[in-house]
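Colleague: This structure is in structure tokens; I'll ask about it shortly.
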Amino acid sequence: MRTDMYIGGKWTGGATTFPTHNPATGEVIAELPEATASDVDSAVEAASVAFASPEWAGLLPAQRARLLFKVADLLEQRAAEFARLETTDQGQPLAISGGFSVPNAVEHFRYYAGWVTKITGVTAPLSVPDVDYRTRREPLGVCALITPWNFPLMILVWKLAPALATGNTVVIKPAEQTPLSTLLLAEVLEQAGIPAGVVNVVTGGPEVGKALVRHPKVAKISFTGSTAVGREIAAEAGRALKKVSLELGGKAPSIIAADADLDAVVEGNLMSGLLNSGQVCAAATRFYVDRVRADEFAEKLAGAAGSMKLGSGLDETTQLGPVVSQEQLDQIDRYVGIGRSEGAQLLTGGERAGGELANGYFYRPTVFAGVAQDMRIAREEIFGPVLTVLPYDEPEELAARANDTEYGLAAYLWTRDIGAANRLAHQVKAGTVWINMPPLLDAGAAWGGMKASGMGREMGWEAIEAFTEVKSIWTNLA
Ligand code: NAD
């Protein structure tokens with residue numbers, strides 16, 4: 001595959017490079033160009049020219065839809081190749097990359113291809129004589145799409161598909177840890193006939209992201225990543241009055257009532273908590289369990305977590321892959337140390353995996369019981385396979401405890417009392433609430449966070465709104 005940047009329809013190298021690693025082995029798998037300020041400028045210029053070009057702006061909606069359907073078909077044809085690449089660069093087991101990440105990306109392209117011919121405005125009965133009034137939704141211009149390393153392809157497509165469906169052009173900056181599937185997607189976009197300059201990819205670290213955010217010709221920034229960086233981007237975008245969407249961190253509660261079916265709950269929560277080794281923004285990490293069942297739940301959860309098979313994601317029997325990098329491994333281990341020193345009870349895990357996994361970035365799934373609300377492991381985003389169990393006494397305390405966090409991305413409720421679950425669902429400050437189910441996603445279901453988990457929504461009609469603005473057109477009929 002190509003490992004150059006993709007700017008204005010040309011594959012472009014760079015004077016300096018940076019490595020990307022296979023997290024299962026620690027080996028370098030590719031060297032990529034570190035974009036300079038001038039590369040970022042060329043990419044934004046190319047996107048700016050393409051935005052107004054007849055080849056892109058002049059496409060009829062049905063033609064633009066066909067292009068996106070073609071991208072979906074080509075991506076689907078190469079699904080196995082994409083899945084192996086994502087697993088090699090990011091670490092997630094093939095069951096996730098091949099069974100979830102890539103199919104979700106394909107469906108996203110199809111879903112937004114379907115929207116292209118259905119993006120309507122309104123007519124409204126104004127109380128002004130002799131006027132006709134209507135609205136149009138127009139694209140914003142050049143959008144910077146800045147993505148994280150946990151689901152590199154899928155999260156990119158959540159942004160790219162609606163951005164293109166609405167007629168924008170983009171410059172993508174993938175995470176420096178996991179740039180490869182983004183570059184392979186650029187090959188597919190080129191093959192599908194997306195005109196030169198409509199999609200550009202610049203590779204590199206935070207400085208490249210900063211240059212994009214600051215560029216005066218960037219109209220919108222769509223960012224997924226940490227809350228700390230999200231705050232910086234929002235401040236910069238605020239000064240320049242650019243549009244901005246932010247999908248940030250989380251610390252999702254999972255509330256387990258005394259009447260819940262514990263075996264089903266353990267299975268569901270294992271997926272919510274440990275999917276992609278816990279490197280999921282919506283991961284359930286705070287388990288509020290009725291005190292009468294808390295020990296039983298913690299033991300079952302620890303037993304199931306401790307028996308998961310760790311290994312390379314390319315091995316089809318692997319249940320838990322490595323974490324993405326040495327830095328992430330160190331962060332997880334630091335938090336486990338904090339949990340121990342705060343007095344939480346370690347039931348399983350708590351260490352890096354050794355033996356034949358010693359060269360990769362493997363961390364044993366970790367469960368802490370007897371966790372108190374104010375412990376740092378129950379408050380801060382760890383972004384690894386670390387789960388905390390917090391007993392509760394009265395259901396009335398749940399909403400306040402679940403909401404006692406700066407985050408508000410997701411929440412899980414497990415009970416047979418559907419009325420109580422729905423009342424609680426209204427009280428919890430979270431962008432998404434799942435009742436009696438693991439974290440499923442669908443292109444038609446709005447996604448995003450409240451509070452410090454973000455601004456704006458992806459997916460559904462909401463993403464069409466996020467990549468367009470409304471123009472009012474008045475006509476004098478007199
Ligand atoms: P990060 O914020 O460190 O980096 C994300 C991206 O931003 C990378 O491409 C990085 O190079 C770039 N970047 C870093 N500093 C920048 C700056 N000052 N200006 C512009 N760009 C900059 O995040 P990460 O470690 O890659 O990802 C993990 C985080 O992402 C976690 O907090 C996780 O919760 C969050 N996340 C959120 C969602 C969601 O949908 N809410 C989804 C996935 C991940």
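Colleague: On the full set of protein chains, 1.4 Å probe, figure out the accessible area of PHE223 and give it in Å² to the nearest 10.
Modeller: 10
Colleague: In addition: If each DSSP helix of 4+ residues adds -39,500 (n - 2.57) and the sum is divided by the residues in the chain, what number results at 222 nm, nearest 500 deg cm²/dmol?
Modeller: -11500 deg cm²/dmol
Colleague: Another question, if that's okay. Can you list the HN-Hα couplings for the stretch 361-377, worked out from phi with the Karplus curve (6.51, -1.76, 1.60; θ = phi - 60°), rounded to whole Hz and with x for Gly and Pro?
Modeller: Karplus values, whole Hz, x for Gly and Pro: 9, 9, 10, 5, x, 10, 10, 10, 10, x, 8, 9, 4, 8, 5, 5, 5.
Colleague: Could you report the accessible area of HIS108 in Å², rounded to 10, computed with a 1.4 Å probe on the protein chains as they sit in the structure?
Modeller: Estimated to the nearest 10 Å², HIS108 gives 0 Å².
Colleague: Which angle between 0 and 90 degrees, to the nearest 10, do you get for helix 291-306 versus the longest principal axis of the chain when only C-alpha atoms count?
Modeller: On a 0 to 90 degree scale, this one is about 70.
Colleague: Quick check: Cα centre of the stretch 98-164 to Cα centre of the stretch 1-60, how many Å?
Modeller: 23
Colleague: Now for a different question. With every protein chain kept in the model, how would you rank GLU469, GLU380, GLU187, GLU299 by accessible area, 1.4 Å probe, largest at the top?
Modeller: GLU299, GLU469, GLU380, GLU187
Colleague: Right, another one. Apply the Karplus parameterisation 6.51 cos²θ - 1.76 cosθ + 1.60, with θ equal to phi minus 60°, to every residue of the stretch 201-214 and state each ³J(HN,Hα) to the nearest whole Hz, in sequence, with x for glycine and proline.
Modeller: Taking θ as phi minus 60°, the curve returns 10, 10, 10, x, x, x, 4, 5, x, 4, 4, 5, 4, 7 Hz for the stretch 201-214.
Colleague: How much accessible surface area, in Å² rounded to 10, belongs to the heavy atoms of GLU342 with a 1.4 Å probe?
Modeller: 60
Colleague: By how many degrees, 0 to 90 and rounded to 10, does the Cα axis of helix 326-342 deviate from the longest principal axis of the chain?
Modeller: The answer is roughly 40 degrees.
Colleague: Between TYR133 and LEU60, with labels modelled 7 Å along Cα→Cβ, what's the label distance in nm to one decimal, could you check?
Modeller: That separation, rounded to one decimal, is 3.2 nm.
Colleague: Amide H neighbours of LEU387 under 5 Å, counting only residues 5+ apart in sequence or on other chains, H built in-plane at 1.01 Å?
Modeller: HN-HN under 5 Å from LEU387: THR366, VAL367, PHE368.
Colleague: Please enumerate, by chain and number, the aspartates and glutamates with C-alpha under 12 Å from the C-alpha of LYS217, excluding those fewer than 8 residues away in the same chain.
Modeller: Within the straight-line cut-off, LYS217 pairs with ASP41, GLU45.
Colleague: Can you sort ARG239, ARG379, ARG293, ARG214 by 1.4 Å-probe accessible area, starting with the largest?
Modeller: ARG239, ARG214, ARG379, ARG293
Colleague: Amide H of THR12 versus every other amide H placed in the peptide plane: which residues, excluding those fewer than 5 positions away on the same chain, fall under 5 Å?
Modeller: MET5, TYR6, ILE7
Colleague: Have a look at the DSSP beta bridges in the chain and tell me what percent are antiparallel, nearest 5.
Modeller: 40
Colleague: Sticking with this structure for a sec: For ALA445, list long-range residues whose amide hydrogen, built 1.01 Å from N in the peptide plane, is under 5 Å from its own amide hydrogen.
Modeller: Here the answer is GLY460, since their amide H atoms fall under 5 Å of that of ALA445.
Colleague: Under a 1.4 angstrom probe, counting protein chains only, how are ILE473, ILE233 ranked by accessible area, largest first?
Modeller: Largest to smallest exposure gives the sequence ILE473, ILE233.
Colleague: For the stretch 38-178, build the convex hull from the C-alpha positions and give me its volume per residue in Å³.
Modeller: Spread over its residues, the Cα hull of the stretch 38-178 gives 141 Å³ apiece.
Colleague: Here's another thing I want to ask about it. Taking only Cα atoms, what is the 0 to 90° angle, nearest 10, from helix 180-192's long axis to the longest principal axis of the chain?
Modeller: Orientation of helix 180-192: about 30 degrees from the principal axis.
Colleague: Identify all lysines with a Cα-Cα distance to LYS429 below 21 Å; exclude those on the same chain that are fewer than 8 residues away in sequence.
Modeller: Cross-link targets: LYS251, LYS451.
Colleague: Turning to a different aspect of this structure: Evaluate the Debye formula for the stretch 144-230 with equal point scatterers sitting on the alpha carbons, no solvent, and hand back log10 of I(q)/I(0) at q = 0.23 Å⁻¹, in q order, two decimals.
Modeller: The calculated log intensity ratios at q = 0.23 Å⁻¹ are -1.23.
Colleague: Additional query: How many percent of Cα pairs in the stretch 366-475 exceed 22 Å?
Modeller: 44
Colleague: Using alpha carbons only, how many angstrom separate the centre of the stretch 372-402 from the centre of the stretch 241-294?
Modeller: 10
Colleague: Once you order the gyration tensor axes a ≥ b ≥ c over the Cα atoms, which shape class does the chain get: rounded for a/c under 1.5, otherwise prolate or oblate by comparing a/b with b/c?
Modeller: Because a/c hits 1.5 or more and a/b fails to exceed b/c, the chain counts as oblate.
Colleague: Taking loop as defined by DSSP and a crowding limit of 10 other beta carbons within 10 Å, which GluC sites (Glu not before Pro) in the stretch 44-78 fit?
Modeller: Filter output for the stretch 44-78: empty list.
Colleague: Any idea what the dipole of the chain comes to, in debye rounded to 20, about its Cα centre with Lys/Arg Cβ at +1 and Asp/Glu Cβ at -1?
Modeller: The dipole of the chain has a size of about 1260 debye.
Colleague: Residue by residue through the stretch 161-169, what is 3J(HN,Hα) from phi via Karplus (6.51 cos²θ - 1.76 cosθ + 1.60, θ = phi - 60°)? Round to whole Hz and write x for glycine and proline.
Modeller: Whole-Hz 3J(HN,Hα) from phi for the stretch 161-169: 4, x, 4, 6, 4, 9, x, 7, 10.
The values are calculated or read from the model by the stated rules, or taken from the named source; none is laboratory data. Just so you know, these numbers come straight off a predicted model, no measurement behind them. All Cβ positions, glycine included, derive from the backbone under ideal geometry; neighbour counts span all protein chains shown. Just so you know, the surface numbers come from the protein's heavy atoms only, side chains and all, with ligands and any DNA or RNA stripped out. Shrake-Rupley method; radii C 1.70, N 1.55, O 1.52, S 1.80 Å.
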